[in-house]
Structures are given as C-alpha cells and as structure tokens.
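Peer 1: I'd like to ask some things about the structure below.
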Amino acid sequence: MDVARLAGVSQKTVSRVFNDEPYVSEDVRRRVMQAADELGYRRNNAARMLASGRTRSIGVVTLGTALYGPTSLLMGIERAARSVGYAVRVVTTLEDDPGGLAGAVESLLDQGVDGIVISEPIDEGEAPIRVDVPVLSLGAPSAFASSQTLSTGVGASELARTATEHLLDLGHRTVHHLAGPERWYAARDRAAGWRAALAARDKQEPALLQGDWSAASGYAVGRELAADSSVTAVFAANDDMAIGLIRALLDAGRRIPQDVSVVGFDDIPLAPYTTPPLTTVRQPFDFVAREGLTLLVHAIENPEADLPPASDPPVELVVRASTAAPRPGGSEG
C-alpha cells in the first residue's frame, strides 16, 4: 500500500490508524496521516459501516432561510457533528409547505442516516411522525415518535427575560415587546420570557407588537411607537427588527437611548456598528449544537444506556449604547 510505504509502517498499522484503534503511538499515527494527506488518500469507511450497521451520518431538517439564527445554528450543528466523526446531510423545508417536515424526514431516512436533528422553527401543526432512529429536536416540541426522542432548549426564554430585566433594572416602568411571527417557536419563547420578567416585577404588560423578523417590519412598528411618548423601552425579538425600530424612532426625532432604550436578540455581526451600537443578548449557537449532538451521538452509539445530563445554555447580555436609564422628569416620572 502506498500509504504504508511512504509512512514506513506495515499495512496492518495503517489499518489500525484508519480504524482509530488504540495502542498506536502518536508519532506513528502522525506519520500515517501525513502520508495519507500527501497522497490525497481518503479513508474508506464502508467496511466499518457494514460491520456496525451505521453510516456515521446525521440528517438535519432546517427551514430554508437566510435568517441569522437558523443559519448560525445549522453551522454549529455541522461543526459539532464533524468534531465527533459524523457527516451531516441537510434537507431544507419551506414555510407554508404542508407535509414538508414529514417529507424531509422520509428523504433522510431513505439515505440511511443514523439519527436526525430537527432544527425546524415553525409550528406546522403536523401529526406525529414515527421513525426508527433517535431524533433530536432543538428548541421546539418534538413531532416524532421514535426509538429515542431527545430535545434540548436553546435558552430563548431565559435570554428574553434577561433582556427585559436589563431595561427594568435601568428604571423603566415597563418594557414593550416587538415579537417575531407567532407560528415560530422562537418568537413564542422570547415573548414568554418577556412576560415572565414583567410578571416577576409586577409590571404592566403592554400589548404585544408583531413583526416578521425583518428590519422593515421593525421600522413599521417604530413609526407607530414614535408618536407615543410613554414608550421608553423596547425589547425586540431579533437584532434586525431592533435596527429597523431604531431607525424609525430616530427619523421621528426620538433619541436613542435618551428617549427610548432598545434591546435586540442574537448579537449579529452588525450589532456593534449600528448607531448607536445595539445592546442585545447573544445566542449560544455552538453550545446548543455541541450539547445536542452529544446527546444524539450517545443515543446512536449507546442505545441502551442512560443519557448524560444536559447543561443549561449560557446567558450573555451584551450591553452597548442603545440602552440607558429613563430621563429624569420624563414620562417615567
């Protein structure tokens, strides 16, 4: 074998390295892998797949969207899967596509995946689907009956509560909320966190404001709020809507944060560079992906064993210049 000859080892040693067997020195392992790279060799996993009955692949169902949250979570899943030696096969769905989730899952099962991740953020009201591999649902109720159904939260409710509490801690009497589309589980979780924070402080709950995740919808809501001088604090369910909201308020002569404080959600790359820089909460995409993949891979490889305990996602508030205490003598009293 060319790899064995170049590395100066036996073919049996090369086989042991490629199969990740123990009792191979790091020097030998390094030489074999370096030789394989130089020869452009890619190890063939077919034999191991046949022996184990697994393809070492994970299917992912996600919404076909360019939105920052779903896209970042998908990237985190791919990185986490690759780090534990699994390939990822992705099938996207579309909004308002009846049966889209079921069809996506069937497509992945036909490809022989060992497990499935559902990163599908919209409630389509579909009936439970039965599958014969472990299924991990991220941030949404599971729509599956499987050999092992797993779920892990993305911490959206707690992040939203933290964002709202930040504004209340500054002295605002209440906080308005610009929510995402009601069919999205993420929008529901963030609204629930906002409500919980207000209820815990016995604060009045203003009417929910509705957006569609876009900056344009934030701008439209901002134009309505600009005429209401009693509004001094707004928590937006994502940064794009927060940026549109701020633009509308500034265009109407409302100062940020002197007249109105605004908090976003996600901490998109643009957030530090808006005018003013946006206070927001950072979503722990990589953490959620790693935790979820740990559970799923454990279920795949140890189907009879108990699952390892899951950790709570971190909560990180990034305070910038879009929030401040209400003006003395203003509408806050």
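Peer 1: Return the residues of the range 283-315 that are touching an Asp or Glu at 6+ places or on another chain (Cβ under 8 Å) and without any contact (Cβ under 8 Å) to a residue 60 or more places away in the chain; say none if nothing qualifies.
Peer 2: The answer is 311, and nothing else.
Peer 1: Look at the range 116-153 and say how many of its residues are of a type in the set (Val, Ile, Thr), within 26 Å of residue 192 (Cα to Cα) and either in a loop (DSSP other than H, G, I, E, B) or modelled with pLDDT under 80 (or both).
Peer 2: 1
Peer 1: Can you pull out every residue in the range 316-330 that is open to solvent by less than 60 Å² (accessible area, probe 1.4 Å) and part of a loop (DSSP other than H, G, I, E, B)?
Peer 2: Listed by number, the residues that qualify are 320, 321, 322, 323, 324, 325, 326, 330.
Peer 1: Applying the selection to the range 52-76, what residues are open to solvent by 40 Å² or more (accessible area, probe 1.4 Å), out of contact with any Phe, Trp or Tyr (no Cβ under 8 Å at 6 or more places or on another chain) and either in a helix (DSSP H, G or I) or among the aliphatic types (A, V, I, L, M) (or both)?
Peer 2: Scanning the range 52-76 gives 52, 66, 68, 71, 74.
Peer 1: May I pose another question? Given 171, 193, 155, which one is at positive phi and under 27 Å from the mean Cα position of the chain (by Cα)?
Peer 2: Residue meeting the stated conditions: 155.
Peer 1: Another question, if that's okay. Hey, can you tell me all the residues within the range 163-206 that are under 25 Å from residue 94 (Cα atoms) and open to solvent by less than 70 Å² (accessible area, probe 1.4 Å)?
Peer 2: If the condition is that a residue be under 25 Å from residue 94 (Cα atoms) and open to solvent by less than 70 Å² (accessible area, probe 1.4 Å), then 178, 179, 180, 181, 184, 185, 186, 187, 189, 190, 191 are the ones that fit.
The values are calculated or read from the model by the stated rules, or taken from the named source; none is laboratory data. Because the structure is a prediction, the values reported are computed rather than measured. Note that each Cβ is placed from the backbone with ideal geometry, even for glycine, and that neighbours are counted across all protein chains shown. Accessible surface is based on the protein model in full, side chains and every heavy atom, while ligands, DNA and RNA are left aside. Shrake-Rupley method; radii C 1.70, N 1.55, O 1.52, S 1.80 Å.
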